[in-house]
Amino acid sequence: MQLFLLYIYFLFGYIAYPFIFIAFSIMMFFNKPIRKGALSRLGFIYPKENNKNAVWIHAVSVGEIVAVREMVFNLIERGYTVYLSTTTVGGYDIAKKNYGDKVELFYLTLDYPHMINKLINLISPEYVMIAEIEIWPTMIYMLHKRLIPIFLINGRIGKKNLKDIKTFNFSLSLILICMPKYLHKVVLIWKI
């Protein structure tokens, strides 16, 4: 069932791509902040290729970028190349300010198999950390298929997110939650 839903997601994504491309093109023309990350989001610009131990952290916006700060510096101290992806201009700007050239910072592409595969090939991460509840089905599926561990960190699990996580729980290697009140939801996910 999960695979069927994923293929439906792929199909609708590819049907929608021309419209998304047109919408991004129009927004880029009128909105400078959108212009900043649009070419990366559309799969025209990728981070540079990795040549040593890499960890990929996906932190969607400002709050998540700030939340992973200590972890990023800890990984850098341990000799990892940290690839940090975000989807918002605010998140990108804060990450650039906080980390400068210490990380490989990039906008996450749209969730299409060919784009995500290219990212995974370039980064070759030992593992991936996703901050908060940022579920990108294609990304999670492609990482899982390659046996790359996926950690959900600082996860706050609400009713809305619970269904998404249950759908893809086979792919998450570890869920680190920020408050004990979410523990019962993690137990529900794995039916422990």
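The values are calculated or read from the model by the stated rules, or taken from the named source; none is laboratory data. Fair warning: this is a prediction, and the values are worked out from it, not measured in the lab. Positions of Cβ are backbone-derived with ideal geometry, glycine not excepted, and every protein chain shown enters the neighbour counts.
What the table below lists for this structure:
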| item | result |
| --- | --- |
| Any pair with Cβ under 6 angstrom, 6 or more apart, that starts in region 90-101 at a residue that is touching a residue at least 24 places away in the same chain (Cβ under 8 Å) and aliphatic (A, V, I, L, M) and ends at one that is in a helix (DSSP H, G or I) and surrounded by 13 or more Cβ atoms within 10 Å (Cβ to Cβ) | Ile94/Val62; Ile94/Ile65; Ala95/Ile65 |
| Residues located in region 16-40, provided they are loosely packed, with under 13 Cβ neighbours inside 10 Å and charged (D, E, K, R) | Lys32 |
| Among residues of region 103-124, those that are more than 17 Å from Thr81 (Cα to Cα) and free of Cβ contacts under 8 Å to residues at least 60 places away in the same chain, counted | 2 |
| Residue match in region 102-116 (condition: at pLDDT 90 or above and over 18 Å from the mean Cα position of the chain (by Cα)) | yes |
| Candidate set: region 139-150, residues that are in contact (Cβ under 8 Å) with a residue 12 or more places away in the chain and surrounded by fewer than 18 Cβ atoms within 10 Å (Cβ to Cβ); chosen: the one nearest to Val68 (Cα to Cα) | Pro149 |
| Criterion: touching a strand residue (DSSP E or B) at 6+ places or on another chain (Cβ under 6 Å) and of a type outside the set (D, E, K, R) - qualifying residue of Ala95, Ala23, Ala16, Ala38 | Ala95 |
